[in-house]
Every structure is written in structure tokens, then in C-alpha cells.
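Any read-out appearing in this document is the output of simple, stated calculations on the displayed coordinates, not a laboratory observation. Source: prediction; values computed, not measured. Virtual Cβ from ideal backbone geometry, glycine too; neighbours counted across all protein chains shown.
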Amino acid sequence: ILSLVPLPLRYNKTMIIDIKPPKQVLDILKTFKKAKYEIYIVGGVVRDAILNKPLYDWDFTTNAAPEQILKLFPEGFYDNKYGTVGVVNDETTDERLKIVEVTPFRLESEYSDKRRPDSVSFSKNIEDDLKRRDFTINAIALGFTGNIIDLFEGQKDLKNGLIRTVGDAHERFFEDALRIMRAVRISAELGFAIEKETLEALKKHAPLLSHIARERI
């Protein structure tokens with residue numbers, strides 16, 4: 001059992017999360033720790049852990065560059081401009097753990113196609129990576145020692161059942177139109193309300209969905 005004692009930077013309510021990460025997840029964490037790199041679990045799985053829901057999609061972010069990640073996991077692969085390395089776990093029978101994605105901390109440029117950044121640059125700061133994410137409840141990072149980095153009060157929004165963008169809502173939706181649908185989907189899945197300013201921006205930028213593939217919608 002990995003007992004996680006969150007230490008949020010801006011939300012001071014102390015809480016404890018007890019989770020049982022799969023062996024493959026623990027092995028990845030231990031490998032990075034042994035190599036003295038920073039490594040955090042990020043995304044929906046952290047949100048679901050706080051909500052005490054089943055944990056499925058394990059994603060990681062690190063201060064290691066793609067080439068450094070591949071040195072730790074030679075069986076992995078890296079074939080994209082976003083720095084994401086697929087760590088292969090052939091020994092597992094769980095299809096969701098056969099390939100686990102590890103992405104360096106990164107900064108993003110403009111999104112000219114309203115879907116993906118034109119370019120990315122790698123960072124050494126977890127804060128840079130978290131501030132580019134879509135919603136506060138998805139911008140919580142969980143460290144190996146159990147520390148939670150929560151720059152945007154994501155835990156508070158989870159407690160209050162709110163979906164709120166990180167930073168300016170108009171900018172977030174204008175960057176990536178798929179976030180409009182993601183907000184609605186997460187609201188439906190969790191029964192959360194969409195925060196007022198986020199909802200107003202969502203409605204205003206709804207026409208941007210024309211940039212999203214119809215089959216994706």
C-alpha cells in the first residue's frame with residue numbers, strides 16, 4: 001500500500017489517500033527514483049484516487065528528457081513531437097498497463113489547429129507542466145513520497161464538485177476545442193457542475209467544435 005499524505009501548495013486541507021498501485025506502476029516510480037529523477041503521477045488517475053474511484057489510466061510526468069527515459073526503459077518507444085515515451089510492460093495481462101505513457105515536463109506553443117500545440121519545449125519544473133493542463137481537477141500531481149502538488153486548488157474543486165479551467169477559460173478552450181467536450185463528458189461522468197466562468201466560455205467557443213473530427217464527437 002502506498003500511503004499518500006498530500007501537501008498541497010495552495011489548498012491547506014490535509015488528507016490521506018491509500019491506494020494500491022499495480023506492480024508495473026511501482027516499478028516505474030522506483031526506477032526513476034533510483035536514477036534520481038523527479039517523477040509524478042498525473043491526470044485522471046490522481047483525480048480518481050482522491051474521489052476513491054477505481055484507478056485505470058496511469059500517466060506520469062518527469063524532469064527526464066525522452067532520451068533519458070529510454071535509457072531507463074530500453075524497450076520503450078518514442079515517435080512523437082510531444083516527448084511522450086511509451087514504457088512497455090510485456091509481463092502483464094492487463095491491457096491498460098501493457099504500455100504506460102511517461103512525458104517530460106513541458107511548455108506548449110500556440111494551437112493553430114485548435115487541437116494540438118504547434119510545438120513543445122521541455123522544462124525542469126513541474127509547475128510549468130501543470131499550468132498548461134485543462135481543468136484544475138486534472139492538474140494535480142502525485143509524487144513518489146506522497147506529496148501532492150496542487151497549484152490551482154483542484155482538491156477544493158473536487159470537494160465542491162466543480163469543473164474549472166486552469167487559468168483563463170477562454171484561452172484554454174480557444175487552444176484546444178476538444179476541452180469543450182471533455183468538460184461536458186467529465187461533468188456527466190462525475191455529476192459535477194461546470195463553474196460559471198468556465199461554462200460561459202464553453203458556450204461562447206462552442207463553434208470551435210467544427211475543428212474536431214466528427215467521429216471524435
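Show me 139-150, 57-68 ranked by packing, highest mean number of other Cβ atoms within 10 Å first.
Details: 139-150: 21.1, 57-68: 18.8.
In descending order of packing, they fall as 139-150, 57-68.
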>> Straight-line reach only, C-alpha to C-alpha below 29 angstrom: list the lysines that residue 124 could link to, leaving out same-chain residues fewer than 8 apart.
In response: 13, 20, 23, 30, 33, 34, 36, 71, 81, 98, 114, 156
